[in-house]
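Engineer: Have a look at this one before I ask anything.
All of the numbers you see were taken from the coordinates with simple rules; none came from a lab. Because the structure is predicted, anything quoted here is derived from the model rather than measured. Virtual Cβ from ideal backbone geometry, glycine too; neighbours counted across all protein chains shown.
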Amino acid sequence: MKQFQTHQKERMKSLKVSYNENEKLMMECMRLHIDIFFHEYENSIVNTLREKIQSLLADYEKGTVKEKEKQLILKQAPLRSVRNNCIRLHNDLLHFDKIIHKVRGRDELSFISSRKCEEKLQQSETWLKENFSNCVFTENDKSEYHEQMPSDFTTCRIK
């Protein structure tokens, strides 16, 4: 989950950098064309026009920046949603890991917490399959528990 969070954060940063670079390139290109035009036809009327056009370009650039920022925010929203879900599921699983350690030896609480943990694991796996069926993730830590209630004939293994 942490690896995925980092991956999503890097994708958002990359997207923002791409938008900024594209915007700068567009504005530099427009200014270059205007400067070439004005150098070819240098006179007083052209200077007046240059000032007006540069003022219009500045206004256009401000509007374009705001529009691009809105687009960026809209494109980042799904990434943020996925990242937040990932963080929530990760925190839930960590919480259950701590609970299972605390209730070890108390049969009823241990059984309930292991069932809840299994449900949360299933929910996490389903969420990952729905959102990232084409991605490969590595596992950093693994916990294994052997639980048995007095009435059980076999040991329950939770991985």
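Engineer: Of the peptides 111-124, 59-72, how do they stack up when ordered by the mean number of other Cβ atoms within 10 Å, highest first?
Structural biologist: 111-124, 59-72
Engineer: Among 2/68; 70/129; 13/66; 9/70; 16/120; 2/116, which pairs are too far apart, with a Cα-Cα distance over 26 Å?
Structural biologist: 2/68; 70/129; 16/120
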